[in-house]
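Report on one structure; see the data block that follows.
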Amino acid sequence: MEPLRLDDPRNLGDYVPIGRVDAPDGEVPLPVRRFVARGAGGGRTVLISVPLAELAGDHEYGERFAAEAETARRLGAEARLPWTAQVMESSRLPGGPPWYTTPYVPALPLPGVLAAHGGGLPERTLRALGLGLAEALTELHARGAVHAGVSPGALLVAADGPLLTAYGAMRALVPGTGHFAHRPSLAGLPERGGVPPEQLSGGTPGPPGDVHALGAVLCYAASGLDGADSSRMPASMRTLVAACLSEDPGDRPQAAVVRDELRTGAAALPVTSGPPPVPVAAQRRGPVSAPAAVPWSAGGAAGGTVLDSAASAFGPGWLPARVIAAIARQSACALGAALPA
Amino acid sequence: MAPQHLPLTHDDPVQHGPYRLVARLGSGGMGTVYLARDSGGRAVALKTMHARIADEPEFRSRFRLEADAARVIGGRYGAEVVDADPLARTPWLATEYVLGPPLDEAVEYCGPLPEESVRALGAALCEALGQLHSSAVVHRDLKPSNILLSASGPKVIDFGIARAIGDDRLTRTGTAAGTPAYMSPEQAGGLEHTAAGDVFALAGVLVHAASGHGPFGGGQAADLLYRVRYGEPDLGEVPEALVPVLLRCLAKDPAARPGMAQLAAELASRLPRDGGEFAEALPDSVLAEIGRRSAEVWRIEPHRLPPPPGGTFGTGTGTGTGTGTGTGATAGAGGYTPTQAAYPAPSVTGGDGVRTGFPRRKLLAVAGGSGLALAAAGAGAWAWAGGGGAGGTAPDGSASRGPGGAPEPVWRAATSFFTDGDLPPLLVGGQLVTSNREGLVALDVKSGDQQWTSAEADDNQVTGDGERLYEIVAEATKGSGVTIRTLDLRTGARAGEAGRLPDFDGREHGDGDRTTQPLAAAGGVLYLAARTREANASNRPLAQGWYVVAFDLRAHKERWRRPLKQYATSFASFGDDVSAYSVKPLRGRLLLARPRNDYESPLQTVAAWDPRNGEVMWNAEPLPRELDDDAPPLPRQLATDLRHVYFGSGRVTALRLSDGKEAWRYESAGVRGGHAAANPDEQPALYGPPAVRDGVVYAAERNRGLVAVGARDGRLLWKQKSGSEPAPDLDVPPVVGEKYVYVSAGGHRCLTAVSRRTHRTAWKFRLTGDGDGGTGERFVVHRKARRIIGRGRGGAYAIPLE
């Protein structure tokens, strides 16, 4: 958890933010600000999302933001969306920013995960994240919705799997190259592969755009580098990710196909954090050290069975030790945090 | 793993100081530990003293010393002290809530730690104890349950101060609770405990971490004292490189042991990297548990059990909330009335002939006995050391006894409750849940008071994992799938939905048998047996058959399914003697014992499946079919320890958990490596289902009594001496306590207590006052509360576990 900044809200409805989820602007391009917040007289802790500070005055944007939040809430209300943060409450009070809450789960944004690990993530983690994200998108698309903003910042990683957040936040911005140039906090997002080419050139976001973004997120997770380049993926995932990154949306696989591809290989991997990652320029200030491999804890079982679902891909060892430690630290921090004076 | 939090009882207070109580983390002789929150939402672990001793100056001093020691060790090596009020009417201490399992639970569930973890653990503990020693405090009771494994390092809680003031009765036998588990020889001889004694204890802890047991084993206090003073430590399973230094730490002469700094240097000397987080030295399974706890604490809802209703079934008012210091408006609590029977009792299956479903309650599958006991154990490390038994017995732990020495029952529940063949008792959150004709019933484990009853759930379809209750519910339209629901632990009513299994059919067929059967629930997975529908939701036809299904309770969906080969889509009637299909989730393995089934094979088999994907890891057919009709069916409980799974039948057999191969077998003529024919002149030997504890396997031998055999090699240790009248039952495993091993005997008419020390029958317990009643065939053991709870035709009752 990061400390609050000067221009962060001090309260939102009954909720009081106690810490920021994302690092200061510029490091994690994301069209929302997220906070851990206390509500209900201290009885509840949530993740609360609000628009960026510089968009505070834009009322139309605020309306679109609120509408997307309400759509997200309804989409998950009937039946859970897998690996997705469920919107609980959303609000549009006059005079204040729109906001929405999701239940608090100790989790780091993907860039934070790489920072904790000290570089790109091992293959087992990549496959698992890819699988979770693909399952989330498959279900979302099946319900007729499109996320339109899948990016490293939008993906939170909890101890038991990924959580896709920030539904619709990018769409609310009205995609267009001009728009990004005027938003310093979003500068660099296209280069980081967060926006598929057809959306950049002004097209309507569609499911293939989400798949492109999934590929880009995995490339980032594998290397910590910007620019979606499938050669950075482990050999077993290269072809799949390259297909996701096809220029022509029609050439990209459907989310369900990505999910199936990632499922069948998941059980075949040994339970270990894998080879040391490619060392990378630090996302945060401070030294980066290459972590050593965690010793084998058990032999892996080869082959899948009748249904090899994502749940078994998140068994012990799917996340490197330092990442789990960082997640536990965030949880302890949130447990012990007092309300700001 | 064991649940970390239990509901508040009706007489827990509402708050202490500025902290409102949310849930119970554990309780012991001196006090209770809660999860609590202040009005700013800050969460802490709150330790208090029992109100009944809060006025005594001696106990208050101990409490203050404990708080001081916690401050001395600080937040790096212990739980950070947040707040305290040692002068309050009921003193309390608030510390950080540590996110990590106690070492004993980590070893029990995740296996012994690898060398690297033991070194990192040892080095950190040396620093922790060094910190204490430099402030002239010695620990006195360092043990695995007092050490929490957090991602940033081990944290020592519970400082054993209970033994600081004038309590030098270390050689007192009887209450094992008063005996430090890793005490030094000088302590065992009644001498003072010094820093060198902490070195000894630390080595004991590291041996436990590396091998799963302490260097001098466990068992009865007097034996342990002797072994510590005069016996050699058992470091057989400790990694070789660590043995020399640990042996020196375990020297009988304190002066021969290394100092803390020296020990730290030797332990750290071969660490493959410098620095790095403690987390990197931990095995994946422990890390996964840390991750799980980090998330789970946010899901705890405050709730409080209602006061027990007066009288018997259905007549209690059940209203009211906390009656302690609160005004009744407790966080999250409310008044409850027990549900009246709103639905007719589940119908008895009618008809004979072809059954296409599992016969009601015939295919019982109960997770292994030790699994149940552990699941109910509550919070582990947060319980206080010292003092006597938990509430309900006299403070020094003794129960009132009848003539002959057998204890009186601590409580009994009315006889009209229970009938045969109903839900095997489950321990869930401090309650014992079972069923009678009217539905589910929950009793408080300590007091036997009825907590609630509910007829809403079908007791045939209910199971629990120690923390929650689950029910398999058939969806409304015939042939349209199955839903897994959770039940509210306060009322037994259906609460939430954990997910769906759309491919499986829950509806009854023909004669009313259900086509689903819960098998076990543990580790976030619910295992059930179920039958596929004809077509799935998109109308694609499904392969027909019976499956074992693993349902992931956290992902809310099916994880895998594996066919049950022996049950084809139609088969003839089972008959009454079909055995239980036993399922026991263990770390990294799901054990299944397949029943003897005349239709396929006369052999009983055991298999281990991978709980992640259902793959068969190994299959064993260890038990030749006994031609003797007296042979008991494969036991309902699979006895396991870290290495083996044990069975009775013609011989006591141990199979290796790693590959299913036979490790050893024992029969009364001696240990045989290969196949041995029974003496043709004698009735062949027969053994009941065994129980294993502290490296010893106990089994009842037909017409003879109890035998105790070494778990590692099957070597006979001792046999019960003196008369074994009445003959031991061969269908119930023994229960192992500290002083006694309890054996059901005489057709479930009594429990024989065999002393672990003298190997003789100490006394026999009978349930009196009810003509038909016996001691029952179902037992659950709640180790933390020290109760054996029996349930049989005569009702339910609890006796102390000694």
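Show me the helices (runs of 4 or more DSSP H) entirely contained within the stretch A:162-244 in which 3 or more residues are at pLDDT below 90, over 18 Å from the mean Cα position of the chain (by Cα) and not aromatic (F, W, Y).
Values: elements: A:177-181, A:197-200, A:207-223, A:235-244.
Hits in the stretch A:162-244: A:177-181, A:197-200.
If the condition is being within 14 Å of chain B (Cβ to nearest Cβ) and either in contact with a Cys (Cβ under 7 Å, 6 or more places away or on another chain) or part of a loop (DSSP other than H, G, I, E, B) (or both), then the stretch A:135-161 contributes A:A159, A:D160.
Considering B:G614, B:G588, which residue is within 14 Å of chain A (Cβ to nearest Cβ), farther than 21 Å from B:Q461 by Cβ and modelled with pLDDT under 75?
On the way: B:G614 fails: modelled with pLDDT under 75.
Just a single option satisfies the conditions, and that option is B:G588.
Considering the stretch B:47-95, the residues that are among the charged types (D, E, K, R) and touching a helix residue (DSSP H, G or I) at 6+ places or on another chain (Cβ under 6 Å) include one that is modelled with the highest pLDDT, namely B:E66.
On the stretch given as the stretch B:461-514, residues that are on the phi > 0 side of the Ramachandran plot and at pLDDT below 80 total 4. As a summary of the residue check, B:D104 satisfies the conditions (1) under 23 Å from B:R42 (Cα atoms); (2) crowded, with 20+ Cβ neighbours inside 10 Å; (3) of a type outside the set (G, A, S) except for the one numbered (1).
Considering only residues in the stretch B:74-123 that are of a type in the set (D, E) and closer than 23 Å to B:L263 by Cα, the one that is nearest to the chain's Cα centre (by Cα) turns out to be B:D104.
Looking at the structure I just gave you, is A:P9 touching a residue at least 24 places away in the same chain (Cβ under 8 Å) and more than 13 Å from chain B (Cβ to nearest Cβ)?
Values: touching a residue at least 24 places away in the same chain (Cβ under 8 Å): yes; more than 13 Å from chain B (Cβ to nearest Cβ): yes.
When the stated conditions are applied, A:P9 passes them.
There is at least one residue in the stretch A:235-256 that is small (G, A, S) and buried (at least 22 other Cβ atoms within 10 Å of the Cβ). Residues in the stretch B:528-554 that are touching a residue at least 24 places away in the same chain (Cβ under 8 Å) and either of a type in the set (G, A, S) or within 14 Å of another protein chain (Cβ to nearest Cβ) (or both): 16 in all. Taking (1) within 21 Å of A:R80 (Cα to Cα); (2) out of contact with any helix residue (DSSP H, G or I) (no Cβ under 6 Å at 6 or more places or on another chain); (3) crowded, with 24+ Cβ neighbours inside 10 Å in turn, A:T125 satisfies each apart from (1). In summary, strands (runs of 3 or more DSSP E) completely within the stretch A:15-133 and bearing 3 or more residues that are in contact (Cβ under 8 Å) with a residue 60 or more places away in the chain and within 13 Å of chain B (Cβ to nearest Cβ) occur at A:16-20, A:32-39. Within the stretch A:326-341, being hydrophobic (A, V, I, L, M, F, W, C) and either more than 7 Å from chain B (Cβ to nearest Cβ) or more than 19 Å from the chain's Cα centre (by Cα) (or both) holds for A:A326, A:A332, A:C333, A:A334, A:L335, A:A337, A:A338, A:L339, A:A341. Applying the criterion of being outside any strand (DSSP E or B) and small (G, A, S) to the residues of the stretch B:520-542, the residue that is surrounded by the most Cβ atoms within 10 Å (Cβ to Cβ) is B:G523. Of all the listed residues (A:S90, A:S151), the sole one being closer than 22 Å to A:L75 by Cβ and surrounded by fewer than 24 Cβ atoms within 10 Å (Cβ to Cβ) is A:S90. Going residue by residue through the stretch B:116-130, is there one that turns out to be aliphatic (A, V, I, L, M) and not in a helix (DSSP H, G or I)? Checked against the condition, which is being aliphatic (A, V, I, L, M) and not in a helix (DSSP H, G or I), the stretch B:116-130 yields no hits at all.
The single condition from (1) in a helix (DSSP H, G or I); (2) within 14 Å of chain A (Cβ to nearest Cβ); (3) crowded, with 22+ Cβ neighbours inside 10 Å that B:L113 fails is (1).
The values are calculated or read from the model by the stated rules, or taken from the named source; none is laboratory data. Model, not experiment: these values are computed from the prediction. Cβ: placed from backbone, ideal geometry, glycine included. Neighbour counts: every protein chain shown.
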